[in-house]
Amino acid sequence: MPDTPAAAQRARVRVPLRFHDGYSADAELVTFHGLADGREHVAVVLGDPGPVPLVRLHSECLTGDVLGSARCDCGPQLREAVERIADRGGILLYLRQEGRGIGLYNKLDAYALQDQGLDTYEANAALGLPEDARDYTAAAQMLRALGVTELDLLSNNPDKAEQLRERGVDVRDRVPTGVFTTPHNVRYLRAKVLTTRHTLPLADLTEITEITEITEITEITELTELSGRDAPGSLPPAGSDRAARPAPPMGAA
């Protein structure tokens, strides 16, 4: 286990939460002194945590959590996690690790490369950045400061459980989250399964990916065909029968 200094609770404040679908929950937000990376991570305590609370490590995602982006599954995962943790009792650690730790601007640059055909990990590599730069040392510090030494982890990501165990936190069980697919994020989810071993249904994601690709090809074909049709008053395309047909003599009916 790495020799990491202990963190301490800084302040606790009650905050009522309300989501766009009307779901609400009472939470207590906890801030900390002495976190290893110096960032302002926050613990969201929900319900009545028992000896083995349900815990989620949720990395900040402005586009998904705040703006409702359909390119990822972060917003729906956050919403689901709050309700499941509140029902059972536990803690959501909201970690300031935008874009798997590469930052907002770099994440948006990676999006641009994904639009050119790269997957989420290939795009990071093309920018000279790690596939996943997240370090969960601060998360382990936060949990210890809250008195948590054993937990059930709400996550599809095996790396989170492995890092917590390496830092002295006993992960009794890893509980999968729901699967939140959109036509815009299915390739992203599939890449997480293939590259970083996320526990998501690969067969279903592959099928959805194929359907999405067929739909996109159909839409592109339809747009191409539509753009090729003559608009009223437009010139005929070169080489067409209309273009080759001689003009009628002057005065001809």
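The values are calculated or read from the model by the stated rules, or taken from the named source; none is laboratory data. Just so we're clear, the structure is a prediction, and the values are computed from it rather than from any experiment. Neighbour counts are summed over all protein chains in view; Cβ atoms, including those assigned to glycine, are modelled from backbone coordinates with ideal geometry. Protein only, heavy atoms only, side chains kept; ligands, DNA and RNA dropped before computing areas. Shrake-Rupley method; radii C 1.70, N 1.55, O 1.52, S 1.80 Å.
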Compare the peptides 61-72, 137-148 by average per-residue count of other Cβ atoms within 10 angstrom and give them in order, highest first. 137-148, 61-72
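Sequence gap at least 6, Cα distance under 8 Å: using those rules, report the relative contact order of region 125-179 to the nearest whole percent.
36
Given a 1.4 angstrom probe, I'd like the percentage of the accessible area of region 1-124 that is carbon and sulfur, rounded to a whole number.
Values: 3220 of 6270 Å².
C and S fraction of accessible area: 51 percent.
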Per-residue ³J(HN,Hα) for region 79-95, Karplus 6.51 cos²θ - 1.76 cosθ + 1.60, θ = phi - 60°, Hz, x for Gly and Pro: 4, 4, 4, 4, 5, 5, 6, 4, 5, 8, x, x, 9, 10, 8, 9, 9
Per residue, how many Å² of accessible area does region 112-195 show with a 1.4 Å probe? 43
Non-local amide H neighbours of L154 (under 5 Å, H modeled in plane, Pro and chain starts lacking H): which ones? V55, R56, L57, V175
